[in-house]
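The values are calculated or read from the model by the stated rules, or taken from the named source; none is laboratory data. Since the model is a prediction, treat every value here as computed from it, not as a measurement. Using ideal geometry, Cβ is built from the backbone for each residue, glycine included, and neighbour counts are taken over all protein chains shown. These accessible areas exclude ligands, DNA and RNA; they are computed on the full protein's heavy atoms, side chains included. Shrake-Rupley method; radii C 1.70, N 1.55, O 1.52, S 1.80 Å.
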Amino acid sequence: MTPLILANAPNGASRTKADHPALPMTADEIGETAARILDAGAAMIHVHVRDAAGRHLLDADAYRAATAAIRARVGQKLVVQVTTEAGGRYEAPAQIRVIRALRPEAVSVALRELFADPKLETEAADFLGWLRRERIALQMILYSAEEVHRYAGLKARGIIPAGNDFPLFVLGRYTAGQVSTPADLDPFLAAATEIKLTDPWSMCAFGQHENACAAHAASLGGHVRVGFENNLLLPDGGRAPDNAALVRLAAQAARAGGRSLATADDARALTA
(Lines give C-alpha, C1' and ligand atoms only; values in the text may rest on other atoms or scores of the structure.)
Protein backbone atom coordinates (compact mmCIF):
# COMPACT_ATOMS: atom_id res chain seq x y z
CA MET A 1 0.00 0.00 0.00
CA THR A 2 1.03 3.59 -0.50
CA PRO A 3 2.42 5.49 2.50
CA LEU A 4 -0.28 6.77 4.82
CA ILE A 5 -1.06 10.49 4.61
CA LEU A 6 -1.64 11.44 8.24
CA ALA A 7 -3.36 14.83 8.52
CA ASN A 8 -4.17 16.85 11.61
CA ALA A 9 -7.21 19.11 11.99
CA PRO A 10 -6.11 21.01 15.12
CA ASN A 11 -9.01 23.36 15.82
CA GLY A 12 -12.05 23.39 13.53
CA ALA A 13 -14.70 26.07 13.21
CA SER A 14 -16.37 26.14 16.59
CA ARG A 15 -14.30 24.78 19.46
CA THR A 16 -12.37 27.18 21.68
CA LYS A 17 -10.01 27.04 24.63
CA ALA A 18 -13.07 26.55 26.80
CA ASP A 19 -13.27 23.10 25.21
CA HIS A 20 -9.53 22.44 25.55
CA PRO A 21 -6.79 24.86 26.65
CA ALA A 22 -4.35 23.39 24.10
CA LEU A 23 -6.64 24.07 21.13
CA PRO A 24 -4.74 26.49 18.85
CA MET A 25 -6.56 29.65 17.77
CA THR A 26 -3.91 32.24 16.87
CA ALA A 27 -1.44 32.04 14.01
CA ASP A 28 1.45 31.55 16.46
CA GLU A 29 -0.39 28.75 18.25
CA ILE A 30 -1.14 27.05 14.93
CA GLY A 31 2.56 27.31 14.03
CA GLU A 32 3.55 25.72 17.33
CA THR A 33 1.03 22.93 16.79
CA ALA A 34 2.45 22.34 13.31
CA ALA A 35 5.91 21.68 14.77
CA ARG A 36 4.51 19.23 17.32
CA ILE A 37 2.37 17.26 14.87
CA LEU A 38 5.22 17.00 12.39
CA ASP A 39 7.34 15.36 15.06
CA ALA A 40 4.44 13.01 15.83
CA GLY A 41 4.14 11.80 12.22
CA ALA A 42 1.79 14.17 10.37
CA ALA A 43 2.33 15.12 6.73
CA MET A 44 -0.54 17.61 6.43
CA ILE A 45 -2.24 20.26 8.56
CA HIS A 46 -5.86 21.24 7.96
CA VAL A 47 -6.15 24.93 8.87
CA HIS A 48 -9.06 26.95 10.25
CA VAL A 49 -8.54 30.57 11.29
CA ARG A 50 -10.51 32.82 13.65
CA ASP A 51 -11.40 36.47 13.96
CA ALA A 52 -10.56 38.65 16.97
CA ALA A 53 -13.62 37.33 18.80
CA GLY A 54 -12.62 33.71 18.17
CA ARG A 55 -15.26 33.08 15.52
CA HIS A 56 -14.75 30.97 12.41
CA LEU A 57 -13.28 33.09 9.62
CA LEU A 58 -12.66 32.80 5.91
CA ASP A 59 -10.13 35.53 5.20
CA ALA A 60 -7.11 35.47 2.88
CA ASP A 61 -4.92 37.63 5.11
CA ALA A 62 -5.66 35.51 8.18
CA TYR A 63 -4.80 32.39 6.21
CA ARG A 64 -1.57 33.98 5.01
CA ALA A 65 -0.59 34.77 8.59
CA ALA A 66 -1.30 31.21 9.74
CA THR A 67 0.55 29.74 6.77
CA ALA A 68 3.55 31.99 7.44
CA ALA A 69 3.61 30.86 11.07
CA ILE A 70 3.54 27.21 9.97
CA ARG A 71 6.27 27.71 7.39
CA ALA A 72 8.43 29.54 9.94
CA ARG A 73 8.32 26.46 12.18
CA VAL A 74 8.39 23.54 9.71
CA GLY A 75 9.26 24.93 6.28
CA GLN A 76 7.75 22.74 3.57
CA LYS A 77 7.62 19.63 5.78
CA LEU A 78 3.81 19.84 6.09
CA VAL A 79 1.19 20.29 3.38
CA VAL A 80 -0.88 23.31 4.42
CA GLN A 81 -4.53 22.66 3.54
CA VAL A 82 -7.03 25.45 4.25
CA THR A 83 -10.74 24.94 4.77
CA THR A 84 -13.69 26.53 3.00
CA GLU A 85 -16.11 25.40 5.71
CA ALA A 86 -19.26 27.52 5.86
CA GLY A 87 -19.46 27.36 9.63
CA GLY A 88 -22.89 28.95 9.56
CA ARG A 89 -21.37 32.22 8.31
CA TYR A 90 -20.55 31.79 4.62
CA GLU A 91 -22.11 30.63 1.36
CA ALA A 92 -20.46 29.29 -1.78
CA PRO A 93 -19.64 32.63 -3.49
CA ALA A 94 -17.72 33.87 -0.44
CA GLN A 95 -16.02 30.50 -0.02
CA ILE A 96 -14.86 30.64 -3.62
CA ARG A 97 -13.66 34.26 -3.38
CA VAL A 98 -11.34 33.66 -0.46
CA ILE A 99 -9.61 30.74 -2.17
CA ARG A 100 -9.19 32.66 -5.43
CA ALA A 101 -7.61 35.49 -3.45
CA LEU A 102 -5.39 33.19 -1.38
CA ARG A 103 -4.22 30.62 -3.94
CA PRO A 104 -3.26 28.08 -1.24
CA GLU A 105 -1.27 24.91 -1.65
CA ALA A 106 -4.29 22.75 -0.83
CA VAL A 107 -7.96 23.25 0.02
CA SER A 108 -10.85 21.20 1.36
CA VAL A 109 -14.35 21.77 -0.05
CA ALA A 110 -17.58 20.21 1.17
CA LEU A 111 -19.63 18.93 -1.75
CA ARG A 112 -22.90 19.84 -0.01
CA GLU A 113 -21.77 23.42 0.56
CA LEU A 114 -20.25 24.15 -2.85
CA PHE A 115 -23.31 22.69 -4.62
CA ALA A 116 -25.96 23.84 -2.14
CA ASP A 117 -27.62 26.11 -4.72
CA PRO A 118 -28.27 24.47 -8.12
CA LYS A 119 -28.32 27.94 -9.70
CA LEU A 120 -24.64 28.35 -8.81
CA GLU A 121 -23.52 25.06 -10.36
CA THR A 122 -21.74 26.79 -13.24
CA GLU A 123 -19.83 29.04 -10.84
CA ALA A 124 -18.87 26.01 -8.77
CA ALA A 125 -17.67 24.15 -11.86
CA ASP A 126 -15.61 27.16 -12.97
CA PHE A 127 -14.00 27.29 -9.52
CA LEU A 128 -13.08 23.61 -9.56
CA GLY A 129 -11.63 23.98 -13.05
CA TRP A 130 -9.57 26.92 -11.81
CA LEU A 131 -8.23 24.81 -8.92
CA ARG A 132 -7.05 22.21 -11.43
CA ARG A 133 -5.36 24.82 -13.63
CA GLU A 134 -3.69 26.43 -10.63
CA ARG A 135 -2.52 23.01 -9.38
CA ILE A 136 -4.18 23.58 -6.00
CA ALA A 137 -4.68 20.20 -4.36
CA LEU A 138 -8.39 19.59 -3.77
CA GLN A 139 -10.01 17.49 -1.07
CA MET A 140 -13.73 16.90 -1.60
CA ILE A 141 -15.56 16.31 1.68
CA LEU A 142 -18.37 13.75 1.59
CA TYR A 143 -20.71 13.14 4.52
CA SER A 144 -22.63 10.05 3.39
CA ALA A 145 -22.75 7.21 0.89
CA GLU A 146 -25.44 9.19 -0.93
CA GLU A 147 -22.99 12.04 -1.35
CA VAL A 148 -20.44 9.60 -2.81
CA HIS A 149 -22.97 8.81 -5.53
CA ARG A 150 -23.79 12.51 -6.04
CA TYR A 151 -20.08 13.20 -6.36
CA ALA A 152 -19.79 10.50 -9.03
CA GLY A 153 -22.72 11.99 -10.94
CA LEU A 154 -21.17 15.47 -10.94
CA LYS A 155 -17.89 13.97 -12.05
CA ALA A 156 -19.57 12.03 -14.89
CA ARG A 157 -21.19 15.26 -16.12
CA GLY A 158 -17.88 17.11 -16.05
CA ILE A 159 -19.11 19.57 -13.41
CA ILE A 160 -16.31 18.26 -11.23
CA PRO A 161 -13.43 18.10 -13.72
CA ALA A 162 -11.23 15.09 -14.26
CA GLY A 163 -8.45 14.76 -11.74
CA ASN A 164 -7.68 13.64 -8.21
CA ASP A 165 -10.11 14.95 -5.57
CA PHE A 166 -8.71 13.04 -2.54
CA PRO A 167 -12.21 12.56 -1.08
CA LEU A 168 -12.63 12.70 2.70
CA PHE A 169 -15.29 10.42 4.20
CA VAL A 170 -16.74 11.95 7.37
CA LEU A 171 -17.84 9.17 9.71
CA GLY A 172 -20.78 10.78 11.47
CA ARG A 173 -22.13 14.28 11.79
CA TYR A 174 -21.37 17.39 13.81
CA THR A 175 -23.91 16.66 16.53
CA ALA A 176 -23.57 16.71 20.30
CA GLY A 177 -22.22 13.44 21.63
CA GLN A 178 -21.42 12.00 18.21
CA VAL A 179 -19.15 8.94 18.49
CA SER A 180 -17.98 7.26 15.29
CA THR A 181 -17.09 3.58 14.95
CA PRO A 182 -15.00 1.73 12.36
CA ALA A 183 -18.19 0.20 10.90
CA ASP A 184 -19.29 3.70 9.88
CA LEU A 185 -16.72 3.53 7.10
CA ASP A 186 -18.37 0.54 5.43
CA PRO A 187 -21.20 2.38 3.58
CA PHE A 188 -18.67 4.82 2.11
CA LEU A 189 -16.46 2.02 0.86
CA ALA A 190 -19.43 0.16 -0.60
CA ALA A 191 -20.45 3.30 -2.49
CA ALA A 192 -16.85 3.90 -3.57
CA THR A 193 -16.73 0.38 -5.00
CA GLU A 194 -20.01 0.92 -6.85
CA ILE A 195 -18.74 4.11 -8.52
CA LYS A 196 -15.32 2.52 -9.17
CA LEU A 197 -13.46 5.20 -7.22
CA THR A 198 -9.76 5.19 -8.05
CA ASP A 199 -8.68 8.35 -6.22
CA PRO A 200 -6.89 7.96 -2.89
CA TRP A 201 -9.38 8.55 -0.09
CA SER A 202 -9.20 9.64 3.52
CA MET A 203 -11.50 9.68 6.53
CA CYS A 204 -12.11 11.53 9.78
CA ALA A 205 -14.12 10.42 12.80
CA PHE A 206 -15.69 11.80 15.97
CA GLY A 207 -15.10 10.87 19.59
CA GLN A 208 -12.93 8.45 21.50
CA HIS A 209 -12.97 5.74 18.81
CA GLU A 210 -11.21 8.07 16.38
CA ASN A 211 -8.01 6.05 16.57
CA ALA A 212 -9.81 2.74 15.98
CA CYS A 213 -11.43 4.28 12.90
CA ALA A 214 -8.06 5.57 11.73
CA ALA A 215 -6.43 2.16 12.18
CA HIS A 216 -9.29 0.51 10.25
CA ALA A 217 -8.97 2.97 7.37
CA ALA A 218 -5.21 2.58 7.28
CA SER A 219 -5.52 -1.20 7.10
CA LEU A 220 -7.76 -0.83 4.05
CA GLY A 221 -5.42 1.48 2.15
CA GLY A 222 -7.06 4.76 3.08
CA HIS A 223 -5.58 7.86 4.62
CA VAL A 224 -6.62 9.55 7.86
CA ARG A 225 -7.25 12.89 9.51
CA VAL A 226 -7.30 13.22 13.29
CA GLY A 227 -7.38 16.10 15.73
CA PHE A 228 -9.25 18.43 18.01
CA GLU A 229 -11.65 19.57 15.27
CA ASN A 230 -13.58 16.32 15.76
CA ASN A 231 -12.18 14.67 18.85
CA LEU A 232 -10.58 15.66 22.16
CA LEU A 233 -10.34 12.18 23.67
CA LEU A 234 -7.89 9.32 23.93
CA PRO A 235 -9.14 5.78 23.23
CA ASP A 236 -9.67 5.16 26.95
CA GLY A 237 -11.95 8.19 27.19
CA GLY A 238 -9.41 10.43 28.90
CA ARG A 239 -8.68 13.87 27.54
CA ALA A 240 -5.84 14.04 25.00
CA PRO A 241 -3.12 16.46 26.12
CA ASP A 242 -2.76 17.99 22.67
CA ASN A 243 -3.19 17.35 18.94
CA ALA A 244 0.21 15.69 18.70
CA ALA A 245 -0.95 12.92 21.03
CA LEU A 246 -3.77 12.00 18.64
CA VAL A 247 -1.41 12.11 15.66
CA ARG A 248 1.09 9.92 17.49
CA LEU A 249 -1.57 7.31 18.26
CA ALA A 250 -2.67 7.16 14.62
CA ALA A 251 0.95 6.88 13.49
CA GLN A 252 1.59 4.02 15.91
CA ALA A 253 -1.55 2.19 14.76
CA ALA A 254 -0.56 2.54 11.11
CA ARG A 255 2.96 1.30 11.70
CA ALA A 256 1.68 -1.61 13.78
CA GLY A 257 -0.44 -2.60 10.79
CA GLY A 258 2.55 -2.50 8.48
CA ARG A 259 1.79 0.89 6.91
CA SER A 260 4.57 3.43 6.48
CA LEU A 261 3.93 7.14 6.92
CA ALA A 262 3.96 9.63 4.06
CA THR A 263 6.16 12.70 4.10
CA ALA A 264 4.73 16.01 2.94
CA ASP A 265 6.34 15.46 -0.47
CA ASP A 266 4.79 11.99 -0.64
CA ALA A 267 1.43 13.57 0.16
CA ARG A 268 1.89 16.22 -2.52
CA ALA A 269 2.63 13.53 -5.09
CA LEU A 270 -0.31 11.33 -4.04
CA THR A 271 -2.88 14.15 -4.00
CA ALA A 272 -1.76 16.07 -7.09
Residue satisfying condition, being within 16 Å of the chain's Cα centre (by Cα) and of a type outside the set (Phe, Trp, Tyr), within set 85, 91: 85
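Determine, yes or no, whether residue 173 is basic (Lys, Arg), out of contact with any helix residue (DSSP H, G or I) (no Cβ under 7 Å at 6 or more places or on another chain) and over 22 Å from residue 260 (Cα atoms). Give the steps one after another, and end with the answer.
Numbers: basic (Lys, Arg): yes; out of contact with any helix residue (DSSP H, G or I) (no Cβ under 7 Å at 6 or more places or on another chain): yes; over 22 Å from residue 260 (Cα atoms): yes.
It is true that residue 173 is basic (Lys, Arg), out of contact with any helix residue (DSSP H, G or I) (no Cβ under 7 Å at 6 or more places or on another chain) and over 22 Å from residue 260 (Cα atoms).
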Tally, over the range 90-115, of residues that are in contact with a strand residue (DSSP E or B) (Cβ under 6 Å, 6 or more places away or on another chain), within 19 Å of residue 229 (Cα to Cα) and of a type outside the set (A, V, I, L, M, F, W, C): 1
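Look at the range 254-264 and say how many of its residues are of a type outside the set (Lys, Arg), surrounded by fewer than 22 Cβ atoms within 10 Å (Cβ to Cβ), in a helix (DSSP H, G or I) and over 17 Å from the mean Cα position of the chain (by Cα). First the steps, then the outcome.
Of the residues in the range 254-264, the ones of a type outside the set (Lys, Arg) are 254, 256-258, 260-264.
Now restrict to residues that are surrounded by fewer than 22 Cβ atoms within 10 Å (Cβ to Cβ): 256-258, 260-261, 263-264.
From what's left, in a helix (DSSP H, G or I): 256, 264.
Now drop any that are not over 17 Å from the mean Cα position of the chain (by Cα), which leaves 256.
Final tally of qualifying residues: 1.
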Qualifying position, being of a type outside the set (Phe, Trp, Tyr) and either touching a Gly at 6+ places or on another chain (Cβ under 9 Å) or on the phi > 0 side of the Ramachandran plot (or both), among 141, 159, 136: 159
Leading residue by the ranking (farthest from residue 236 (Cα to Cα)) among those in the range 125-179 that are in contact (Cβ under 8 Å) with a residue 40 or more places away in the chain and polar (S, T, N, Q): 164
Residue 16, sole failed condition from (1) at positive phi; (2) touching a strand residue (DSSP E or B) at 6+ places or on another chain (Cβ under 9 Å); (3) of a type outside the set (Lys, Arg): (1)
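One line per residue, one yes/no per condition, for (1) part of a loop (DSSP other than H, G, I, E, B); (2) open to solvent by 40 Å² or more (accessible area, probe 1.4 Å):
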residue: 169; (1), (2): no, no
residue: 179; (1), (2): yes, yes
residue: 186; (1), (2): no, yes
residue: 191; (1), (2): no, no
residue: 211; (1), (2): no, no
residue: 215; (1), (2): no, no
residue: 218; (1), (2): no, no
residue: 237; (1), (2): yes, no
residue: 266; (1), (2): no, yes
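Pick out the one residue from 60, 92, 43 that is under 22 Å from residue 270 (Cα atoms), in contact with a helix residue (DSSP H, G or I) (Cβ under 6 Å, 6 or more places away or on another chain) and not β-branched (Val, Ile, Thr).
On the way: 60 fails: under 22 Å from residue 270 (Cα atoms); 92 fails: under 22 Å from residue 270 (Cα atoms).
After applying the criteria, what remains is 43.
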Residues of the range 193-208 that turn out to be surrounded by fewer than 23 Cβ atoms within 10 Å (Cβ to Cβ), touching a helix residue (DSSP H, G or I) at 6+ places or on another chain (Cβ under 7 Å) and of a type outside the set (A, V, I, L, M), as a count: 1
When residues of the range 152-186 are limited to those that are out of contact with any strand residue (DSSP E or B) (no Cβ under 6 Å at 6 or more places or on another chain) and hydroxyl-bearing (Ser, Thr, Tyr), the one modelled with the highest pLDDT: 181
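Is it fair to say residue 244 is free of Cβ contacts under 8 Å to residues at least 40 places away in the same chain, crowded, with 21+ Cβ neighbours inside 10 Å and under 19 Å from residue 19 (Cβ atoms)? Before you say what the answer is, go through the steps one by one.
Working: free of Cβ contacts under 8 Å to residues at least 40 places away in the same chain: no; crowded, with 21+ Cβ neighbours inside 10 Å: yes; under 19 Å from residue 19 (Cβ atoms): yes.
Against the criterion (free of Cβ contacts under 8 Å to residues at least 40 places away in the same chain, crowded, with 21+ Cβ neighbours inside 10 Å and under 19 Å from residue 19 (Cβ atoms)), residue 244 does not qualify.
With respect to residue 159, is the statement that it is surrounded by 15 or more Cβ atoms within 10 Å (Cβ to Cβ), more than 21 Å from the chain's Cα centre (by Cα) and not acidic (Asp, Glu) true?
Details: surrounded by 15 or more Cβ atoms within 10 Å (Cβ to Cβ): yes; more than 21 Å from the chain's Cα centre (by Cα): yes; not acidic (Asp, Glu): yes.
Yes; evaluated as a whole, the condition is true for this residue.
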